[in-house]
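K.L.:
Have a look at the structure that comes next, please.
The values are calculated or read from the model by the stated rules, or taken from the named source; none is laboratory data. Nothing here was measured: the structure is a model prediction, and the numbers come from that model. Because the Cβ atoms are built from the backbone with ideal geometry, glycine has one as well, and the counts that use them run over all protein chains shown.
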Amino acid sequence: MRDLAKSAVQSRSRSPALASEHFTVEACGTCYVPGDLIVTPRHAVESLSQMNPEALASLGPTLALTTAAIEAGVQPQRVYCALFSEETRGVHFHLFPRTEWLTAKYFTAHPRETEISGPQLMDWARRIFQKPITDMDRDETLEKIRAWLSSPSIEVYIQRQKKSDQA
């Protein structure tokens, strides 16, 4: 089995935005779109079917909580969640914010397009924004997300989710 412990993405930041018993959340190391995060299991696997039940049980809440933090810190039009594991075989999820700015850039680069295809936009952005983006501070955005994830906002979010589950 190949070395899955080697991370598909590495952040310039010193610490992850979130580290739980089962997952770490870090800025994508290959795309500089602010708020583009990677959720990686602490125990590397090549398939979701190989993940232990406790990690699987916390996967949905981890993705939802991280999405809420991106929504609070970036205010995107949409947050894409994708699992490809093509460049690196290990399971990892991309949480990718589609902002108004990014959408405008995409349509400028693709003037014949009239509708958005999330996978195409994400693929395009990952190819185009492999270096820091002028007038955008990815690390500042990561700090906003990290602050939201470590603040009482989490408790408010969890309580709201519990209430909606009970309804």
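K.L.:
Hey, among the residues in segment 127-167 that are modelled with pLDDT under 85 and either surrounded by 14 or more Cβ atoms within 10 Å (Cβ to Cβ) or of a type in the set (A, V, I, L, M, F, W, C) (or both), which one's farthest from the chain's Cα centre (by Cα)?
P.N.:
Per the criteria, the residue is A167.
K.L.:
Starting from residues that are in contact with a strand residue (DSSP E or B) (Cβ under 7 Å, 6 or more places away or on another chain) and touching a residue at least 24 places away in the same chain (Cβ under 8 Å), keep the ones in segment 34-54 and report whichever is surrounded by the fewest Cβ atoms within 10 Å (Cβ to Cβ).
P.N.:
From segment 34-54, those in contact with a strand residue (DSSP E or B) (Cβ under 7 Å, 6 or more places away or on another chain) are 35-42, 51; that's our starting set.
In the following step, the residues that additionally are touching a residue at least 24 places away in the same chain (Cβ under 8 Å) were identified as 35-41, 51.
On the way: G35: 26, D36: 28, L37: 28, I38: 25, V39: 25, T40: 22, P41: 23, M51: 17.
Step by step, filter segment 34-54, then rank; the result is M51.
K.L.:
Given (1) of a type outside the set (V, I, T); (2) at pLDDT below 95; (3) within 21 Å of I133 (Cβ to Cβ); (4) surrounded by fewer than 18 Cβ atoms within 10 Å (Cβ to Cβ), identify the lone condition not met by A17.
P.N.:
The one condition A17 does not meet is (4).
K.L.:
Hey, can you tell me all the residues within segment 32-63 that are over 11 Å from the mean Cα position of the chain (by Cα) and part of a loop (DSSP other than H, G, I, E, B)? Outline the logic, then answer.
P.N.:
Initially, segment 32-63 is screened for residues over 11 Å from the mean Cα position of the chain (by Cα), giving 32, 41-61.
Within segment 32-63, Y32, R42, H43, A44, V45, E46, S47, M51, N52 qualify.
K.L.:
I need the full set of residues from segment 85-140 which are closer than 15 Å to G29 by Cβ and either in contact with a Lys or Arg (Cβ under 6 Å, 6 or more places away or on another chain) or of a type in the set (S, T, N, Q) (or both), in order please.
P.N.:
T88, Q130
Let's see how each residue does on (1) farther than 21 Å from L18 by Cβ; (2) touching a residue at least 40 places away in the same chain (Cβ under 8 Å):
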position	(1), (2)
E71	no, no
A82	no, yes
R89	yes, yes
E100	yes, no
K105	yes, no
